[in-house]
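Trainee: Below you'll find the structure I mean.
The values are calculated or read from the model by the stated rules, or taken from the named source; none is laboratory data. Keep in mind that what you see is a predicted model, and the values were worked out from it rather than measured. Quick reminder, even Gly has a Cβ in these numbers, built from the backbone with ideal geometry, and neighbours come from all protein chains shown. Keep in mind that these areas ignore ligands, DNA and RNA; they rest on the heavy atoms of the full protein, side chains included. Shrake-Rupley method; radii C 1.70, N 1.55, O 1.52, S 1.80 Å.
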Amino acid sequence: MPDAAPLPSPEDLVRLIENSRLDVSTETALQRGLRTLFSGKGIPFDAEVILSPQDRIDFLIGDIGIEAKIKASPRAILRQLDRYAEDGRIGTLILATATSFVSRDLEARGKRVLVASLSRGWL
């Protein structure tokens with residue numbers, strides 16, 4: 001059996017997401033687009049991973065958690081990511097969002113949070 005291809009780095013995933021024209025009309029459409037994108041690139045992922053009774057992250061690729069957000073306040077998003085960062089399965093978080101953030105490299109509970117701008121693929 002051949003060895004599995006190495007998983008992409010968080011930075012590679014951010015570039016892939018940002019260079020794609022994803023439907024951002026709803027979070028459901030965005031999640032569907034990300035599923036199609038990852039599948040088309042042969043990237044293995046788990047979707048809708050339950051982290052706690054109240055938290056479910058959109059995607060888990062190795063130890064990289066990916067959350068897709070269309071409309072939410074930065075403060076609410078950061079609170080949500082902070083809860084996600086408590087889970088031991090997550091080493092790095094990627095936020096795929098249309099919400100503007102001052103920084104594109106954040107932190108939650110000592111874990112990196114990278115921001116993938118959903119508008120870049122449309123520029």
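Trainee: What is the residue count in the range 81-106 for residues that are more than 17 Å from ASP46 (Cβ to Cβ) and either open to solvent by 30 Å² or more (accessible area, probe 1.4 Å) or of a type in the set (Ser, Thr, Tyr) (or both)? Give the derivation first.
Mentor: To start, the set of residues in the range 81-106 that are more than 17 Å from ASP46 (Cβ to Cβ) comprises 81-83, 85-86, 95, 97-106.
Restricting the remaining residues to those that are either open to solvent by 30 Å² or more (accessible area, probe 1.4 Å) or of a type in the set (Ser, Thr, Tyr) (or both) gives 82-83, 86, 97-106.
Qualifying residue count, the range 81-106: 13.
Trainee: Looking at ILE77, ILE57, which one is open to solvent by less than 80 Å² (accessible area, probe 1.4 Å), at negative phi and under 11 Å from the mean Cα position of the chain (by Cα)? Give the steps one after another, and end with the answer.
Mentor: On the way: ILE77 fails: under 11 Å from the mean Cα position of the chain (by Cα).
Going through ILE77, ILE57 in turn, the sole match is ILE57.
Trainee: Does GLY62 satisfy the condition of being within 15 Å of VAL14 (Cβ to Cβ), open to solvent by 20 Å² or more (accessible area, probe 1.4 Å), out of contact with any Ser or Thr (no Cβ under 6 Å at 6 or more places or on another chain) and in contact (Cβ under 8 Å) with a residue 12 or more places away in the chain? It would help to see each step written out before you state the result.
Mentor: Working: within 15 Å of VAL14 (Cβ to Cβ): yes; open to solvent by 20 Å² or more (accessible area, probe 1.4 Å): yes; out of contact with any Ser or Thr (no Cβ under 6 Å at 6 or more places or on another chain): yes; in contact (Cβ under 8 Å) with a residue 12 or more places away in the chain: yes.
Yes: the conditions hold for GLY62.
Trainee: Out of ARG79, ARG89, ARG56, report the one residue that is assigned to a helix (DSSP H, G or I), of a type in the set (D, E, K, R) and without any contact (Cβ under 8 Å) to a residue 60 or more places away in the chain. Before you say what the answer is, go through the steps one by one.
Mentor: Values: ARG89 fails: assigned to a helix (DSSP H, G or I); ARG56 fails: assigned to a helix (DSSP H, G or I).
That would be ARG79, the only listed residue that is assigned to a helix (DSSP H, G or I), of a type in the set (D, E, K, R) and without any contact (Cβ under 8 Å) to a residue 60 or more places away in the chain.
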